[in-house]
Structure formats: C-alpha cells, structure tokens
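In what follows, a single structure is set out as structure tokens and then discussed.
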Amino acid sequence: MSTTFTRYTVTAALPYANGPKHIGHLAGAYIPSDVYVRYLRLTGKDVIFVCGSDEHGTAIPNQALKENTTSKAIIDKYDALIRDCFNKLGMSFDIYHRTSEPIHHQTSQEFFLALYNKGLLTEEVSEQYFDTEANVFLADRYIVGTCPRCGNTNAYGDQCENCGSTLSPRELINPRSTLSGKTPVLRETKHWYLPLERYEPWLRDWILKSHQQDWKPNVYGQCKSWIEAGLQPRAMTRDLDWGIKVPLPDAEGKVLYVWFDAPVGYISATRALFEEVTSGNLKFATPRSDLSKAKKEDWKKYWQAEDTRLIHFIGKDNIVFHCIIFPVMLHTSGEFIVPDNVPANEFMNLEGDKMSTSRGWSIEMHEYLDDFPDKPDVLRYALLTNLPEAKDSEFTWKDFQAKNNNELVAILGNFVNRAVVLTQKYFDNKVPSQKVLTEVDKKALEELELYPSKIASSIEAFRFREATANLMDLARVGNKYLAETEPWKLAKTDMDRVGTILNIALQIAASLAIVTEPFLPFTSRKLKNMLGVSDLAWSDAGNGALLKAGAALNEAPLLFEKIEDERIEIQIKKLIDKKRAVEVAQQPAEPAKAEISFDDFSKMDIRIGKILKAERVEKSKKLLKLQVDTGIDVRTVMSGIAEHFAPEVVIGKQVTILVNLAPRKIMGVESQGMILMAADKDGSLKMLSPSGEVVPGSQVS
RNA sequence: GGCGCGGUAGCUCAGGUGGUUAGAGCGUUGGAUUCAUAACCCAAAGGUCGGGGGUUCAACUCCCCCCCGCGCUACCA
C-alpha cells in the first residue's frame, strides 16, 4: 500500500462472448477504465490497458445450441461484434485479446501446473451426472428437470429461470440430459480444487486490514461478507469438452474452470501484447504508447514487479472473482502481484427496471451505435454523469437527451462555438493577442488553472462522475466569462479589449481540448483540430498561453447537435417493442413432458382441500405452515408461497393438493402433501381453485 | 432468517476522521442579455437528510431497534 508505483497494469473485465453487451456493462467497467487509462497516459505514466473476449465456459456451447451452430462460431461472432463496438466507442485498449488464442491456453495451463506442482490444489472425487448415451459428464447447464421450488419442468441444473432459484443438479426432480433426453446417472469424477479456506488469514490481512481505507465500501463490504461467511474449496476444473484442457495425464475430458482461465486472460493478453509488439506482427495489439524498445519478456514487469500498480475495473457481479479467487491464485503462485484496487461499480438500471439482455430490456452497444453512429461521446458523457459508483443508478432516454441538449450542446458546445464565432467575426479567425488584463480576466485565468488538478484528483480517487461534472464546470467558467465581459458590445469601441477577452476564451477552449480527452476522446480530437493544436499533455492544461497570438484557427463545425423529442420517443418505443418481442419469442418455452400411462397418472391422489390455518414460519422468507382439511383428515403442509400470499389471505381458500406424496420434514416440521400452484411467467404463483365451492376431499381427475 | 450495500430537494446524485444558514446538475419560477445550436449568465423557491430511540455542548455524519430497495445465502416436495 505504501509502495511507490512506477507503472500501471489496468484491466477491464473480459466480456463473455456469448452475446452482445449492453450499456450497463459500459457504465460498470469499460468507460471508467478508459477514462482512467487515458488520463494516466496524458500524465505520462507507464501504463498498459488490457482486455479481451472471455470465450470458454458452459454457456458458450449452450448458446451455440440455441443458435443451432458451433461454439467456435459463437465466439467468433460475438468477439467481432463486441470488439467493433468498443472500437467505435473509443475504448483505448493496448490489446483486446481472446481467451481462445493458443498463448492463453499455454499461460493458463502453466499457471495451473505451477499451482499443481507446488501441491496447492487438492483432488476430490465426487458424484456428477453422466450421460451414458452421449458418453459425457453433464455440466449443470445441460441437465434439465423439474424445479423443486416452483415446479417448472424445464429448470436448468444450476438455475431455474422461471423462479430464479439457484440449484444444483442433484436437486432436480426427474433430471434429464439435454443432449440425449435420457435420464443421466451419477458417476464418480475427479476434480482439482483451490482450497480457498487456507487463505482466509491472508485475505483478512490483505483486504480487511490493508485495504479498509482505500477500497470502495461496496467492494470492501462484499469481500468481508464472503470472508466471514467462510470460504470453501472451489473446483478449478470441469468435465467439459469446450475450454482449456487440464494439463495432467489423467485428465481426459476435463477443462479448466472458466473462472480460472478468464482472469488469467489478463496476463495472457499482456504477454500477447509484448509478443506482438516485439515481433512486429500486430494481430490483437493496438499499443497506445511507444513500445518500440520493449522486449518480449517485459510483460513480466507488469505482473510481477512490486512497483506495478494492478487495477481491475469490473462490475459488482465480478467482485468475488477479482477480490478473492484470482488474488488467491496470484498470491499463492508466489510469482505475481495482487491488485492494489478493484473499483467495482454497481449496476445501471434502465427506465425503472433491471437491465437484461435475455429479457430484452437493454440498450445493447451495437444498437446504440447503429442509431447514433456519430455520437459515441454523447453516450460516454451520459453514462459518466450517472455512473453507479456507490449504488445502482438509472439510465433513462429522457436523461440522455437532457444531458446532450442542456449540457453538451448548451454549455460545452455552445461555449466553444461562441469563442470561435466571435474570433471569426472580429479577428479573421486568428487568435488575437492579450493586452492589459483586468480583474475579470485574471479571475478567469486563475480558475482555469485550478480545474485540471481538480479533475485529476477526482479521477485518481475513481470519482469519475465528479470529474465529469468538474469538466463541464470549466466550460461554465468560459460561458460566464463571456457573459461578464460582453465582447460583442466592446467590438464597436475597444478592439484591443475584445482581443484580450477572446484570447482568454480560446485559451479556456484549448484547455478543454486537453481535459476532455479521457472523457470525450472524439470531441477532444475535433476541438484540437479546430484550434489547431497538437496532442498536448495533461500538464499543459490550465495554461493561459497555450495558443499563440496570430495562429490561425481551422474550420469550426458544431461539436454537438440537439437531439429532438421524436428521436427519443422512437428509442423508448423500440425498447418496449423489443421486450414484447422477447416475451413472445419465449412464450412456447415449455415442451410437453414425456408421455405417461393412465396408470401413472392414477397413482397421484389429487384432491381439493380447504386451508383452515396459515402462519408464517420463523426464520423463513418463503414458507407458510398450512393446516389443510383434505376431507380425509386435517394435515400440516409446508408451502413455499409466503412471498406471494399473506397468511390471512389464504385462510378459507380451496386449493388443489397432492395428498399421497411422501411426507418430508421442512424446517423441522413434517409436511404431508403438496399444494399445487400455477407459476406465471414472471414467477408469481396462483392457486388452483375449483370454479365453485366443492366438498373438501373432492377428487381431481 | 443471516451477511453486505443503499434509502439526502420534483428527478439523477455528492456529502474523509460528528461542528456556524445540508450541496451539485437537471426541472420549476423570476430577472438580465443577444456573440451563440431560443443557447448562455444571474437569482429565487424547494429537503422533519427512511422512521424511532440513544451517546454528545453539538449527528445527515457514531451506537441500538424498526421499515423499504438491491445483492449473496438458507428453508420451497
């Protein structure tokens, strides 16, 4: 912590290449990281910025099945899409790599072997579902069955998408393989585990003690929660045919766990960067600083030298991997540094609801770029002013429009335009010279001088919203200066004075060209072209004499244009339409279960019962303890409906009950039967009641 | 239920280690102005800082309880 850092390694979460990425991802990790890195570069820091596509894991083959294609086709498609979007949005990676590249496979295997050879991994044999027909172990995702929680017959082995429960394959009722449709069998399999619990003392010391002050509360709190909950060994391998082979002799059919290989991808990308730069064959690398003297092995400095500051930009869903698992891997390997900070952001909601690609409630990067191809900076700005830095935030199209019209156009664009237009009008588009300075002038120049360091300290503290607000405030200083000095009035009487004022206004614009660079790189470029200045350093910003008197200005197009209401309404409508389309597309989701005989059916004794009593269960959020008159008897049934029905509401209701289901203890109480419920699309439950009152015990057939 | 993060003006959000009249932007209202994409600039109104206790000379800021939102986690036959 007290180390003096001489170089930076900045990573942005590797986007998972199973689909497009939306603007919430941009707000979470990408835009903040890009601002940070661009700023570091302007201050002359030694920094590399790495990212890339995360292309392994079970969801990739899963997506391939959905799209009826191959895993390779999926990653190629989405890598290209995401890569292109990042490029158009100005993400300034030194390399955007791919985890499917050979160098990454090599790096990951080396990393795994290093841990293995040191005896840092434990072997464990456990029972996993195996598909005897396809002859493979089934990843959680490939097993479907009836959800034990909500009864959805197509719940996945890791999660029920209907009710959102986290599941394990063993919990599924009537599990079946999605590969063959057969019932899988349990078979023993061996895996290698990282015993996280061994590192609890180290984690406590490193995070809870050393980083209490400098890590964000949300990040620190998450880590604390995980550490105090008790860490457990985590499997670092999977039975799967898509991924990086486990580099051991007895590991046929096993690959590295995607969360083992993905963060190692940062290291691979760094290696690839230096390899490509030194070989002169740039495939993925787009170095932003001069690496002409770099050596192939220089990647090690960025991952192993104690004076390198490693920073991971991620969204809050990745905290455990970047703050616990990956650091443990780095630490225990004995060769690598651990992150100095992980400034994770929270989530950005959209128009009042959670952003979700699968539910169709999202603005995907490519969708935005298709509709606003000339406005990457507007999106960057709208996101920057509303980053979920301390809590979930919200993006609305109306706010987007307001940020563009009221701030980018009215404050920043307008100021630059005023200064330039006045210069054209009175000085033939050449920078006039400064004469005698008045108090107003001096005050403006003093303020100008203060802003760059103000913005810088906000950036350094990962407070990008604040930094962005300060940036706009500098443009306000310019507008206010013009309003106070009114050069258009003096033009009739005192041209020296007008020249001085416009000189100062243009100097402010020149500084804006510098300080906007991290935030609005495209605008910065335009502004520099307009003012005829070259690439300047951050330290030049605030200088009141950047532009030389007599220098000619170039053509001055408007930096931003207003966005009209109609265009915003189209977007809102598009969003709603997309959600509807996705809902409709998902409608025929439930194929019929396998055929059964009448005898099978008659085994079930389903009746109408009446709820006599209902009470909440202590320490349970979901359970109600019900007394049900089944006609045969009055019995106790535990039912997971507390989140949908208040106890007083269900009393007296007639419900459908399966009465001959084997009793089972739940929360210490024996449940004798099961209340049948209809689970709606949104996961809400409805009771199945007869259309008219019947005698309790009436049989359903 | 447990753990974590939040609950501050109409809206989106800031408010290290407690201290005079609680801030910003947008929105609203009024004024001034016309160089500028009817933009800019000035000013005002607007908040019991989720609720209730407590510690303190003093709490948005510390402690306890409760309520609400979000995340992780357990119970869902």
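Of all residues in the range A:126-138, one or more are in contact with a His (Cβ under 8 Å, 6 or more places away or on another chain) and modelled with pLDDT under 90.
With respect to being outside any loop (DSSP other than H, G, I, E, B) and closer than 20 Å to A:Met91 by Cβ, A:Ser289 falls outside the description. Scanning the range A:37-52 for residues that are surrounded by 24 or more Cβ atoms within 10 Å (Cβ to Cβ) and touching a helix residue (DSSP H, G or I) at 6+ places or on another chain (Cβ under 8 Å) yields a total of 5. A single member of A:Gly164, A:Gly181 is surrounded by fewer than 21 Cβ atoms within 10 Å (Cβ to Cβ), on the phi > 0 side of the Ramachandran plot and modelled with pLDDT of 75 or more, and it is A:Gly181.
Cβ-Cβ contacts under 9 Å between residues 6 or more apart (or on different chains), taken from a first residue in the range A:482-494 that is in the same structural domain as A:Ser433 (by TED's automatic domain parsing) to a second residue that is in a loop (DSSP other than H, G, I, E, B) and more than 7 Å from RNA strand B (Cβ to nearest atom), are listed as A:Thr485/A:Thr438.
Contact annotation: residue pairs with Cβ atoms under 9 Å, 6 or more positions apart or on different chains, pairing a residue in the range A:354-371 that is exposed (fewer than 14 other Cβ atoms within 10 Å of the Cβ) with a partner that is in a helix (DSSP H, G or I) and aliphatic (A, V, I, L, M), are A:Ser358/A:Val582; A:Asp371/A:Ile570. Screening the range A:395-503 for helices (runs of 4 or more DSSP H) wholly inside it with 2 or more residues that are of a type in the set (Lys, Arg) returns the ranges A:414-427, A:439-460, A:464-485. Selection of the range A:619-642 for residues being part of a loop (DSSP other than H, G, I, E, B) and either buried (at least 21 other Cβ atoms within 10 Å of the Cβ) or touching a residue at least 12 places away in the same chain (Cβ under 8 Å) (or both) yields A:Lys619, A:Ser620, A:Lys621, A:Lys622, A:Leu623, A:Thr630, A:Gly631, A:Ile632, A:Gly640, A:Ile641, A:Ala642.
Considering the conditions (1) assigned to a strand (DSSP E or B); (2) touching a Gly at 6+ places or on another chain (Cβ under 6 Å); (3) without any contact (Cβ under 8 Å) to a residue 24 or more places away in the chain, A:Lys665 is excluded by exactly one of them, (2). Annotation note: Cβ proximity below 8 Å between a residue of the range A:267-282 that is aromatic (Phe, Trp, Tyr) and a residue that is assigned to a helix (DSSP H, G or I) (sequence gap 6+ or interchain) occurs for A:Phe274/A:Lys296; A:Phe274/A:Glu297; A:Phe274/A:Asp298; A:Phe274/A:Trp299. Scanning the range A:367-382 for residues that are over 21 Å from A:Thr468 (Cα atoms) and either within 16 Å of RNA strand B (Cβ to nearest atom) or within 16 Å of the chain's Cα centre (by Cα) (or both) yields one hit, A:Phe372. Out of (1) under 26 Å from A:Lys72 (Cα atoms); (2) surrounded by fewer than 19 Cβ atoms within 10 Å (Cβ to Cβ); (3) at pLDDT 95 or above, the odd one out for A:Tyr266 is which? Condition (2) is where A:Tyr266 drops out. Scanning the range A:512-521 for residues that are assigned to a helix (DSSP H, G or I) and surrounded by 24 or more Cβ atoms within 10 Å (Cβ to Cβ) yields A:Leu512, A:Ala513, A:Ile514, A:Val515.
Sort through A:Asn543, A:Asn529 and tell me the only one that's surrounded by 14 or more Cβ atoms within 10 Å (Cβ to Cβ) and either free of Cβ contacts under 8 Å to residues at least 12 places away in the same chain or in a helix (DSSP H, G or I) (or both). The conditions single out A:Asn529. Each residue in the range A:636-658 was checked for being more than 10 Å from RNA strand B (Cβ to nearest atom) and within 23 Å of A:Phe601 (Cα to Cα), and 3 pass. Can you list the helices (runs of 4 or more DSSP H) lying wholly within the range A:16-112 that have 2 or more residues being over 30 Å from A:Ile143 (Cβ atoms)? It comes to A:31-42, A:71-88.
Conditions tested, residue by residue: (1) within 24 Å of A:Arg525 (Cα to Cα); (2) among the acidic types (Asp, Glu); (3) away from RNA strand B (no atom under 12 Å from the Cβ).
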{"position": "A:Met365", "(1), (2), (3)": "yes, no, yes"}
{"position": "A:Leu384", "(1), (2), (3)": "yes, no, no"}
{"position": "A:Glu389", "(1), (2), (3)": "no, yes, no"}
{"position": "A:Phe395", "(1), (2), (3)": "no, no, no"}
{"position": "A:Ala402", "(1), (2), (3)": "yes, no, no"}
{"position": "A:Leu408", "(1), (2), (3)": "yes, no, no"}
{"position": "A:Arg418", "(1), (2), (3)": "yes, no, no"}
{"position": "A:Val431", "(1), (2), (3)": "yes, no, yes"}
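The values are calculated or read from the model by the stated rules, or taken from the named source; none is laboratory data. Quick caveat: nothing in here was measured; it's all calculated off a predicted structure. Counting neighbours? That spans all protein chains shown, and the Cβs are built from the backbone with ideal geometry, glycine included.
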